[in-house]
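Scroll down for the structure; my scribbles are underneath it.
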Amino acid sequence: MNFKYDVSVILVNFNSSHHTLNCIKSLEDNTDEKVNYEIIVVDNGSKNGDYDFLAQNITQTNKITLIRNRLNTGFAQGNMTGINKACGKYLYILNNDCIILNDVLSKLMNFMETHSEAACCVPKMYNKSGSPTPAFQNFPSIAGKWLGNKFLSKINKTKYPDKNAEYSNPIRIPVASGASMFVDTTHFYSIGGFDTNFFLYLEEEDLCLRFKKASLSVYHVPSAEIKHLGGESTQKSPEIAREYYISLWYYLNKHCTFIERFFIKLRYIIRELFGSIKNTQKIKLAIFLLLGAPMKHSLRHRQKLS
């Protein structure tokens, strides 16, 4: 495979063009000029005003490309739209509400160059207050959901690394944060890229599990640092909670055995039933889960062209 760039940075914009522009500026300000990179911005069905502001403030060159989707195609498909245009040896799948704090592209690229078994790595992350925030997580599991990953980490730190700990050296991790994933393009395509059946959640768990099944590794590289402002284009609501469960049920049905599916789903159903004591809306979520969290109810299918 021939590559034109060292790195292709993929940014998906949804009604948050100010974040996208700040992210681009932080990339330009902090990346070593020796790194040959491109930025591909995918506008994922934003309102006309937001898209127009973005288009007016991005000068499209050989280095920066702007693509517009007429509908919000979700995280996986939105990123795949940009990835299909990318020409980099590495893909940096980056949330647009992230700010680059140091020469992240060089640091992550150099790490990947010296670790041939690495399919993906993630930098250290801070929240908008400047405090460290988890850059990775664990796969959904019976033990994790019933006993807690914090307890499992005390038993086996290699298999269940503590996501809240601060690390000074690279470590192998289970699941990279979807907010900032630096991926080897060849490895990414070798497993089929993102599963676009996922709309908003669990894409990274699915991707990292398929890397694992292909005997590839995922790492946390703390020398590279970013700030993640966090989810301003996706506000919490009962519909968003339901969307999470649609993705989770799909993931469990895709990857887990019957026993695993049963006990993990049971844990969530019990949680929502207990939650309904204080919030009656949660009984609707519990019923939705008992009905199988059908994908036909995804927000993906409720959009209309304006």
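Please treat every number below as a calculation from the coordinates, not as lab data. If you're wondering where the values come from, they're calculated on a predicted model, not measured in any experiment. Here Cβ is always computed from backbone atoms with ideal geometry, including for glycine, and neighbour counts include all displayed protein chains.
What the table below lists for this structure:
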{"quantity": "Nearest-0.05 FRET efficiency for residue 56 and residue 295, computed from C-beta distance (R0 25 Å)", "calculated": "0.10"}
{"quantity": "Spin-label model distance (nm) - residue 240 vs residue 304, 7 Å beyond Cα toward Cβ", "calculated": "2.4 nm"}
{"quantity": "Sites residue 29 and residue 70 - FRET efficiency at Förster radius 35 Å, r taken between beta-carbons, to 0.05", "calculated": "0.60"}
{"quantity": "Sequence-separation-based contact order of the range 5-228, relative, with Cα cut under 8 Å and 6+ spacing, percent", "calculated": "27 percent"}
{"quantity": "Estimated inter-spin distance, residue 128 and residue 157, nm [label 7 Å along Cα→Cβ]", "calculated": "3.4 nm"}
{"quantity": "Chain lengthening between residue 36 and residue 165 when straightened (0.36 nm per residue, less Cα-Cα)", "calculated": "43.1 nm"}
{"quantity": "Expected 222 nm ellipticity per residue - DSSP helices of 4 or more, -39500 (n - 2.57), all of the chain, to 500", "calculated": "-12000 deg cm²/dmol"}
{"quantity": "For the chain: Kirkwood Rh in Å [reciprocal of mean 1/r, alpha carbons]", "calculated": "20.2 Å"}
{"quantity": "Karplus 3J(HN,Hα) series, Hz, for the range 37-49 with 6.51 cos²θ - 1.76 cosθ + 1.60 (x for Gly, Pro)", "calculated": "9, 10, 10, 10, 9, 10, 7, 9, x, 5, 4, 4, x"}
{"quantity": "The range 238-302, relative contact order [Cα under 8 Å, separation at least 6], %", "calculated": "45 percent"}
{"quantity": "Share, in percent, of DSSP beta bridges within the chain that are antiparallel, nearest 5", "calculated": "35 percent"}
{"quantity": "Ratio of Rg to Rh over the range 147-205 (Cα coordinates, Kirkwood Rh, two decimals)", "calculated": "1.03"}
{"quantity": "Exposure proxy ranking, count of Cβ atoms within 10 Å, fewest first, for 167, 201, 90", "calculated": "167, 201, 90"}
{"quantity": "In nm, spacing of pseudo-spin labels at residue 116 and residue 278 (7 Å Cα→C-beta vector)", "calculated": "5.3 nm"}
